[in-house]
């Protein structure tokens, strides 16, 4: 035992006993001198020790029926050898047990156990705690110790490292060990960081933390080994689509892997990321799958004139054409395509074409595509109000989505939009007008009057709609309750007086309450991000205790300043089937507790969301 | 109604049987991670009457073993957040994917 009893361990110094002054002394060591000067006296010490021993012996005899009663005589001999009496041993043992119990209860220990052991090795708890205890009992800095590896003697410092068997290492050996472990340690640190980011990334994708479902695991494994796959066999279209999406997300969609998804006889080809494909690869799509009817290509930059020419030369009759980023197709080719193949077209979606696909093409669409049901022009810088007016002639449209970046001139632009809604609004089932900065309440009014079949409505990025206008839209609207509503960034902007909103511009409390009263029962997706004029009272009123929104799955209330922990709690209470709630930039949300199985994104602290409860099991979301 | 009364006394374990006759006995709670199996055992289907034995005529032993392994892995990690992914041998991937789709896990 290392911490000895100093008094007993001290060898009696060779100093003369207390004898009255007789000025004759033998040689005296420096230590004796020093001890004498400090008033420490060997005789005194011996006497003290004897007294203690006697007391211990006496106490043992009175204790009598001890466990090692048969050898009471042996005790006095062994005790000094171990440098502690029975009473001291008992005391030490007691203290040791206390320390171990303390270690067991400590948070650090619990965490450590959580990390290493699972619940089945509960029995080693004592052992583990003892190991921790003994670690803490290691030689203290300043003492000498033999190195565990090279057996050399060295002095222990605070930086001495523990060796593989628990002993300490000399500086040289620790250096070697450091070198060996250095890279591994670094790697572990990196891996931990990656893991944390992965967890957050998964949350954003709607994957609940914890074990992934088997399908996700399989698809991910497949993505890792996609270069070894020859064909996908007879998987269902849905699964193939999921695999295609994940491959694209990992940027693995290359000309080689494209073949896996070109299945002769199939009528759908979807490539979520076609950035690595060349024009010839696109041509090959039409050669291998001549039966294709629905084609969706994102990042299809190389889908250019050459490909369009080939498409025009084939007998392919497309019903759906969805092209993203195809800005190398000139107007002439678009016109030719619309004239020759427009009659079959039911859905046309053109995204990110920069300065291409403009008014002239919309005119051709109106003229040559009588069966068109869906039209989507997104992120377009060419279409003007003249083109928008042509949309009013497409009588069969049921889905319309516009996101135009060429600013419509005030009056003209508004008039053209009103005209569309007025003429075709009755048939529309989804309406999406994004980045419409200057459209006024007149649009809301005409939607109220004309649209009665909408299930999805998106009006975003506007700073002229008023709260009153929204309230009017949703009050007594004959349209059935909506399923999808996106009104993000409908708010007042004034850099000089950011807090003032004298004209009640943007979606405010009244608008929010009426919209929830109108559509709350069926609403699945609600986005009111940046609608900062909605008050806390409105939120509390809408998500009050007696109200439930059974269909609600996703809500985005980011940057609504009045949202706080209580509102978040109310939302979780009122929406039993909610999967995701986004609260970016809501600094009132500090420590909201998230029911198990639900995802809260954007909590403004490093901890992220904190899950509460374990009851529900339907946690997995993808 | 017979099924519901039987459910009261039903065992903690269920048996999954592959097309080639391999049987895997696992905790009911673990097996119910699969929504399809959960429904098989919940309704008044033959499976309950036959003493919680689920036959899968389209899944062979090798794949069903992996499925059973996954069900246990999922059950074991149900309350943890940082779960290491289970290893899936690439050669089984497609078959397992189809099984997973079928079992809704």
**OP:** Determine, yes or no, whether residue B:54 is touching a helix residue (DSSP H, G or I) at 6+ places or on another chain (Cβ under 7 Å) and assigned to a helix (DSSP H, G or I).
**Re:** no
Subject >> Cβ-Cβ under 9 Å pairs, at least 6 apart or on other chains, the range A:327-345 side free of Cβ contacts under 8 Å to residues at least 12 places away in the same chain, far side in a helix (DSSP H, G or I) >> reply: A:332/A:305
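Rundown of residues vs (1) outside any helix (DSSP H, G or I); (2) at the interface with another protein chain (Cβ under 8 Å from one of its Cβ atoms); (3) without any contact (Cβ under 8 Å) to a residue 40 or more places away in the chain, yes/no style:
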residue: B:65; (1), (2), (3): no, no, no
residue: B:68; (1), (2), (3): no, no, no
residue: B:72; (1), (2), (3): no, no, no
residue: B:75; (1), (2), (3): no, no, no
residue: B:81; (1), (2), (3): yes, yes, yes
residue: B:87; (1), (2), (3): yes, no, yes
residue: B:92; (1), (2), (3): no, no, yes
residue: B:98; (1), (2), (3): no, yes, yes
residue: B:102; (1), (2), (3): no, no, no
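Residues checked against (1) touching a residue at least 24 places away in the same chain (Cβ under 8 Å); (2) surrounded by 19 or more Cβ atoms within 10 Å (Cβ to Cβ); (3) over 42 Å from the mean Cα position of the chain (by Cα):
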| site | (1), (2), (3) |
| --- | --- |
| A:349 | yes, no, no |
| A:371 | yes, no, yes |
| A:392 | yes, yes, yes |
| A:405 | yes, no, no |
Original post:
So is residue A:238 without any contact (Cβ under 8 Å) to a residue 60 or more places away in the chain and within 30 Å of residue A:598 (Cβ to Cβ) or not?
Top reply: yes
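Run down A:199, A:235, A:190, A:258 and say which single residue is facing chain B (nearest Cβ under 9 Å) and assigned to a helix (DSSP H, G or I). Outline the logic, then answer.
Working: A:235 fails: assigned to a helix (DSSP H, G or I); A:190 fails: facing chain B (nearest Cβ under 9 Å); A:258 fails: facing chain B (nearest Cβ under 9 Å).
Residue meeting the stated conditions: A:199.
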**OP:** Could you check how many residues of the range A:220-231 are facing chain B (nearest Cβ under 7 Å) and surrounded by fewer than 21 Cβ atoms within 10 Å (Cβ to Cβ)?
**Re:** 2
Original post:
Within the range A:351-360, can you find the residues that are more than 35 Å from the chain's Cα centre (by Cα) and surrounded by 23 or more Cβ atoms within 10 Å (Cβ to Cβ)?
Top reply: A:357
Original post:
Hey, among A:178, A:241, which residue is outside the structural domain of residue A:264 (by TED's automatic domain parsing), surrounded by fewer than 17 Cβ atoms within 10 Å (Cβ to Cβ) and assigned to a helix (DSSP H, G or I)?
Top reply: A:178
**OP:** Give the residues of the range A:484-498 that are buried (at least 19 other Cβ atoms within 10 Å of the Cβ) and not in a strand (DSSP E or B), sorted by residue number.
**Re:** A:487, A:488, A:489, A:492
**OP:** Mind listing whichever residues of the range A:202-213 are in a helix (DSSP H, G or I) and either in contact (Cβ under 8 Å) with a residue 12 or more places away in the chain or more than 11 Å from chain B (Cβ to nearest Cβ) (or both)?
**Re:** A:203, A:204
Subject >> Within the range B:28-63, tally of residues that are within 14 Å of residue B:102 (Cβ to Cβ), more than 14 Å from chain A (Cβ to nearest Cβ) and out of contact with any strand residue (DSSP E or B) (no Cβ under 7 Å at 6 or more places or on another chain) >> reply: 2
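The values are calculated or read from the model by the stated rules, or taken from the named source; none is laboratory data. Just so it is clear, the model here is predicted, and its values are computed rather than measured. Note that each Cβ is placed from the backbone with ideal geometry, even for glycine, and that neighbours are counted across all protein chains shown.
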